[in-house]
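The values are calculated or read from the model by the stated rules, or taken from the named source; none is laboratory data. The structure displayed is predicted, hence computed values, not measured ones. Cβ placement follows ideal geometry from the backbone for every residue including glycine, while neighbour counts extend to all protein chains displayed. The accessibility values were calculated without ligands, DNA or RNA, using every heavy atom of the protein model including side chains. Shrake-Rupley method; radii C 1.70, N 1.55, O 1.52, S 1.80 Å.
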Amino acid sequence: MSHPPSCLTRLLPDLGRRILVMGILNVTPDSFSDGGRFVGEAAARAQAETLAAEGAALVDIGGESTRPGHTPVSAEAEQARVLPVIRSLAPRLPVPISIDTCKASTAEAALAAGARIVNDVWGLQREPDIARVAAAHGAPVMVMHNRETIDPDLDIVADMLRFFERSLDIARRAGIPDADIVLDPGIGFGKSWAQHLEALRRLPEIRALGFPLLVGVSRKSLLGRLHDKETKPADRLYGSIASHVLAGTLGADIVRVHDVAAHVDALRVVDAVMRPESRA
């Protein structure tokens, strides 16, 4: 008996057939790479349309920076940033919008405004009610591994597996089907430099859980350590592409990036080699 497609599959019909690109849209004044560039509604709308035109399969909108040392903002401030943009884009953008938040109230408001997916950098564990909100809206969730502190002595993948077990339990108890869950190893969050690389190297162990994988390394400071000179985030395109090409060969289904067009071109090569059915 055939089963109806999951909500995630309906929103992202090419998931699993090719590596999808998620375009980043930060409507924040303090994000590490593009803080302040897309704060105004018109600028945010134009950038989202550009990301979609360049080949993004979905656009991830966030109203609170999660960079190291960021200043937390209230749910009200976060919503004041994201909701006008989502309301403006949802009827016109040809790809789905995900809301990048760990706050249940922001997820609720964003889904009501037209977002379709919840992307939680705390894996449903900072505010577990976010899982109930997603389930009530029939929204898939992207569940990221995170830690409050860095412990360089941890087996980081073992820690991820324990973390994801807790997240999956929260999701399932809320009524979110497994088919609507994506896992994210959280590169750049709560890990030492060596653990970031270890997490990438061992992606197949996370993929073995049976869920699609989202990986985001775009422009992050861990790439800067590999350069011979100090770099700004915008100077890290080549390292970002290399990281996501590697992730794609190791099982990533979605990559979260600032530079969509370049990644779409690079990942076509990965798909042609690793997923030849994508070129059929």
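For the list (1) open to solvent by less than 10 Å² (accessible area, probe 1.4 Å); (2) outside any helix (DSSP H, G or I), I need the number of the one condition that residue 188 fails.
Only one criterion in (1) open to solvent by less than 10 Å² (accessible area, probe 1.4 Å); (2) outside any helix (DSSP H, G or I) is unmet by residue 188, namely (1).
Hey, among the residues in region 125-146 that are in a loop (DSSP other than H, G, I, E, B) and open to solvent by 10 Å² or more (accessible area, probe 1.4 Å), which one's nearest to residue 176 (Cα to Cα)?
Narrowing region 125-146 to residues in a loop (DSSP other than H, G, I, E, B): 125-128, 138-140, 145-146.
Narrowing the set further to residues that are open to solvent by 10 Å² or more (accessible area, probe 1.4 Å) leaves 125-128, 138, 146.
Working: 125: 15, 126: 17, 127: 15, 128: 12, 138: 8, 146: 21 Å.
If we take residues in region 125-146 being in a loop (DSSP other than H, G, I, E, B) and open to solvent by 10 Å² or more (accessible area, probe 1.4 Å), then 138 is nearest to residue 176 (Cα to Cα).
Could you grab me the full set of residues in region 218-240 that are closer than 16 Å to residue 24 by Cβ and among the aliphatic types (A, V, I, L, M)?
Matches in region 218-240: 223, 234, 237.
Being acidic (Asp, Glu) and at pLDDT 95 or above is the filter; apply it to region 147-161 and report the residue that is least open to solvent (accessible area, probe 1.4 Å). It would help to see each step written out before you state the result.
In the first step, residues of region 147-161 are kept if they are acidic (Asp, Glu); the result is 148, 151, 153, 155, 159.
Next, only the ones that are at pLDDT 95 or above stay: 151, 153, 155, 159.
On the way: 151: 54, 153: 139, 155: 74, 159: 19 Å².
It comes out as 159.
Condition first: surrounded by fewer than 23 Cβ atoms within 10 Å (Cβ to Cβ), aliphatic (A, V, I, L, M) and modelled with pLDDT of 95 or more. Can you find one or more residues in region 222-241 that meet it?
Yes, that holds for at least one residue.
Taking region 106-124 as the region of interest, how many residues are surrounded by fewer than 24 Cβ atoms within 10 Å (Cβ to Cβ) and touching a residue at least 40 places away in the same chain (Cβ under 8 Å)?
Looking only at that region, the number is 2.
So which helices (runs of 4 or more DSSP H) are wholly in region 193-249 and hold at least 2 residues that are among the small types (Gly, Ala, Ser)? Give the steps one after another, and end with the answer.
Working: elements: 193-201, 203-207, 221-224, 237-249.
Fully inside region 193-249 and qualifying: 193-201, 221-224, 237-249.
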